[in-house]
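Okay, so here's the structure we're looking at.
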Amino acid sequence: MADSPYFPYLDQDWESIEPDAAGFDTDALAAALRFAESHESTWPRDLENAHFLPSLTADEPEPWNKIIGPMAPRGGPAGLLLKGGRLVAQWGDIDRADMTFSIAKSYLSILAGLAMSKGLIGSLDARVGDAVLPDLFQSPQNRQITWRHLLTQTSEWQGELFSKPDQVDHFRELGPDSTNSRKGQKRDLSAPGAYWEYNDVRVNLLSLSLLHLFKQPLPDVLRQEIMDPIGASDAWEWWGYENSEVEVDGKSMISVSGGSHWGGGMRISARDHARFGLLVQRGGAWRNKQILPEQWIYDLRQPIDLNPQYGFLWWLNTDRGQYPSAPASSFFAMGAGTNLIWIDQTLDITMVARWVDQAAVDPLLGAFMSALKG
């Protein structure tokens, strides 16, 4: 009978495995770690006092560029590599709770899967405004928006939320060669489901919609339903904005942001990210409990027609189009800076990397792949 999959217990009891036993060439893996440590993000360390965020508020006019959520200084390069759930390698401070930017979007995707499993969302193709926040979905442009549209960045929702208009991310470009020269210029909107656009205002709308579904602060839901059962620390936090306090069933709650574009967002350690990533890698199972539906983990990594490199708020590597040096089976939670959770179920690998120079991400993945024997 095959051995049961390994899952870590307490952090200090997380089993390690020697690189050679895990199928890695020791010298090549050491070179990959040196690469990770020497290719640090060009972002300033003191984000709390930075005048702008590169590729984010740096490309926005006033007052759209105003930071409205808490910021914090960032740490240095850090990360860890898991094979078969066991620690193969680590670098930097993996216990520092650090800003993680748009990786929070992938956590929202998991909460949406949890809402599906609890029957709070009957169908992804149901209209959001029929369940929550009808005033935000009543216009002709917004009326037909479904949960699927919000999860795939194809909603084309039009409006303003927490002082930020959807227009702020029109014509937004992603990737190391992007200039964002037209970012924020108004464009004609398409029908919901007909256009893909990476837009943080609309992800914040998903967060607000899920808050109204659960009727409980999303950090509390995540902690109770996901993070505590997988043994995560209690050091992570998830922030909203100074103006994102809302009323849900007569109770005041903070709607958290799906990133840190304007501050706020999730602060979490690389170690806790790794537990979360391992849960997803294992199809939503943790030891003898199915925490999330396996079908949801399958669904979230299916490419959408408008962007084959995107699923349900997770980045994919369809035809190796995202990162040529990683297998096509890989998928990623990614945040600006660059912060990364790399998952490959076929290889039985989860890797977390913090604060990597954006141009070095593909070479970094290539370095780890080169270290993998066979």
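The values are calculated or read from the model by the stated rules, or taken from the named source; none is laboratory data. Just so you know, these numbers come straight off a predicted model, no measurement behind them. Ideal geometry is used to build each Cβ from the backbone, glycine not excepted, and the neighbour counts take in all protein chains shown. The protein model used for the area step is the full one, side chains on, heavy atoms only, and it has no ligands, DNA or RNA in it. Shrake-Rupley method; radii C 1.70, N 1.55, O 1.52, S 1.80 Å.
What ³J(HN,Hα) values, in whole Hz, does the Karplus curve 6.51 cos²θ - 1.76 cosθ + 1.60 give for the range 189-196 when θ = phi - 60°, with x put for Gly and Pro?
Once rounded to whole Hz, the list reads 7, 8, 6, x, x, 10, 8, 9.
Taking just the alpha-carbon atoms of the range 102-149, what radius of gyration and Dmax come out, in angstrom?
11.6, 31
Would you compute, for the Cα atoms of the range 143-185, the largest minus smallest coordinate along each principal axis and list the three values in descending order, in whole Å?
Result, largest extent first: 34, 22, 15 Å.
Against the 2.2 N^0.38 Å scaling, with N counting residues, where does the range 227-341 land? I'd like the Cα-based Rg ratio to two decimal places.
1.22
What nm distance separates the two modelled labels at residue 319 and residue 220, each placed 7 Å from Cα along Cα→Cβ?
Here the modelled spin labels are 4.7 nm apart.
Over the chain, with the other protein chains present, what is the accessible area per residue in square angstrom, probe 1.4 angstrom?
Here the residues of the chain average 40 Å² of exposed surface.
Show that you can apply the helix-only estimate: for the chain, add -39,500 (n - 2.57) for every DSSP H stretch of four or more residues, divide by all residues, and state [θ] at 222 nm to the nearest 500.
Using -39500 (n - 2.57) per qualifying helix, the result is -6500 deg cm²/dmol.
Let me know the shape class of the chain, please: from the alpha-carbon gyration tensor, a ≥ b ≥ c as square roots of the eigenvalues, rounded when a/c is under 1.5, otherwise prolate if a/b is greater than b/c, or oblate.
Cα axes put the chain in the prolate bin.
Tell me, what ³J(HN,Hα) does each residue in the range 262-274 have, in order and in whole Hz, if you take phi through Karplus 6.51 cos²θ - 1.76 cosθ + 1.60 with θ = phi - 60° and put x for Gly and Pro?
10, x, x, x, 9, 10, 7, 8, 4, 5, 5, 4, 5
Using modelled backbone amide H atoms (1.01 Å from N, in-plane), which distant-in-sequence or interchain residues come within less than 5 Å of residue 257's amide H?
239, 240, 265
Run the quick spin-label model on residue 329 and residue 346: label points 7 Å from Cα toward the beta carbon, then report their separation in nm to one decimal.
Each label point lies 7 Å from its Cα, and together they span 0.5 nm.
Using only the alpha-carbon atoms of the range 11-127 as identical scatterers, what base-10 log of I(q)/I(0) does the Debye formula give at q = 0.13, 0.15, 0.16 Å⁻¹?
So the normalised log intensities are -0.82, -0.96, -1.00.
Based on the Cα coordinates of the range 286-374, what is the per residue volume of their convex hull in Å³?
118 Å³
Which three extents, in whole angstrom, do the alpha-carbon atoms of the range 85-164 cover along their principal axes, largest first?
52, 32, 18
Springs between alpha-carbon pairs under 10 angstrom, Gaussian network model over the chain: which of 310, 241, 298 fluctuates most?
Taking springs between Cα atoms under 10 Å, the residue moving most is 298.
Count neighbours as other Cβ atoms within 10 Å of each site's Cβ, and list the GluC sites (Glu not before Pro) in the range 134-202 that are DSSP loop with at most 16 such neighbours.
173
If you take the beta carbon distance between residue 72 and residue 126 as r and set R0 to 51 Å, what does 1/(1 + (r/R0)^6) give as a FRET efficiency, to the nearest 0.05?
Computed FRET efficiency for residue 72 and residue 126 comes out at 0.85.
DSSP loop (so not H, G, I, E, B), at most 14 other Cβ within 10 Å: list which trypsin sites (Lys or Arg not before Pro) in the range 21-130 pass both filters.
45, 66, 118
For each pair in 105/186; 215/289; 186/251; 66/186; 83/183, compute the distance between the two Cα atoms and list the pairs where it is over 30 Å.
Check vs 30 Å cut-off fails for 186/251; 83/183.
In nm, give the distance between the simple-model label positions of residue 144 and residue 288, each being 7 Å from the Cα along the Cα-to-Cβ direction.
With each label placed 7 Å out from Cα toward Cβ, I get 5.0 nm.
Could you work out how far helix 200-214 tilts from the main Cα principal axis of the chain, as a 0 to 90 degree angle to the nearest 10?
Between helix and principal axis, roughly 90 degrees.
Using a 1.4 angstrom probe on heavy atoms only, work out the carbon and sulfur share of the accessible area of the range 62-130 in %.
That share works out to 45 percent.
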